[in-house]
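The values are calculated or read from the model by the stated rules, or taken from the named source; none is laboratory data. Keep in mind that this is a model prediction, so the values were computed, not measured. As a convention, Cβ positions derive from the backbone with ideal geometry for all residues, glycine included, and neighbour counts pool all protein chains shown. The area values use the complete protein model at the heavy-atom level, side chains included, leaving out ligands, DNA and RNA. Shrake-Rupley method; radii C 1.70, N 1.55, O 1.52, S 1.80 Å.
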Amino acid sequence: DYTYLKNLLASSNWYEADRETKKVMILMYASEDQDNLKQENLQKFPCEDLQIIDKLWLKYSQGHFGFSIQKRIFITLGGKINYNDYDYEVYCRFGENVGWLVNNCWLANSDLKFSLNAPQGHLPVSPFLPLLRGLRSRTLYFRDFFSRLNNCQL
């Protein structure tokens, strides 16, 4: 049920909508770690649910935020879907474009912008935050996530 997420987005409560997005994605896979969206679950994440979440973000942000926006930015910058290696430069350009990487530093949650003044594709971000630990895990996570979005026709 995405009613709560829809209501948060409709009221432009971007911070809470971001947190709710992470929550509903994690709840798809009840695990002992309720704070992290596990990378291995990405490839089997239901397309219908990804499409619903993305459409809600697109609708209420007037096309400014959403997973499909993030995927488009990644590809525009030269990111490869279903590619067996990762490209650090593309990944950093993506972070800079969506406003997650500023002056070669990945922003902490407290430094993110939860408004339409944020760069296009800045949100949602919460599903990704626990995975932004090591370079290889970050880049592989995004590659896998964008691959899933591609398979779901987002």
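Is region 97-105 home to any residue that is in a helix (DSSP H, G or I), open to solvent by less than 30 Å² (accessible area, probe 1.4 Å) and at pLDDT below 85? Scanning region 97-105, I find no residue that is in a helix (DSSP H, G or I), open to solvent by less than 30 Å² (accessible area, probe 1.4 Å) and at pLDDT below 85, so the answer is no.
With respect to (1) open to solvent by 20 Å² or more (accessible area, probe 1.4 Å); (2) modelled with pLDDT under 95; (3) over 16 Å from HIS122 (Cβ atoms); (4) in a helix (DSSP H, G or I), the lone exception for VAL90 is condition (1).
Evaluated against (1) buried (at least 21 other Cβ atoms within 10 Å of the Cβ); (2) modelled with pLDDT under 85; (3) farther than 20 Å from LEU5 by Cα; (4) not small (Gly, Ala, Ser), ASN84 falls short on exactly one condition, (1). Inspect region 105-127 for any residue being under 16 Å from the mean Cα position of the chain (by Cα), free of Cβ contacts under 8 Å to residues at least 24 places away in the same chain and more than 25 Å from VAL24 (Cα to Cα) and give the result as yes or no. Within region 105-127, not a single residue is under 16 Å from the mean Cα position of the chain (by Cα), free of Cβ contacts under 8 Å to residues at least 24 places away in the same chain and more than 25 Å from VAL24 (Cα to Cα). Return yes or no: is PHE65 in a loop (DSSP other than H, G, I, E, B), of a type outside the set (Lys, Arg) and in contact (Cβ under 8 Å) with a residue 40 or more places away in the chain? Against the criterion (in a loop (DSSP other than H, G, I, E, B), of a type outside the set (Lys, Arg) and in contact (Cβ under 8 Å) with a residue 40 or more places away in the chain), PHE65 qualifies.
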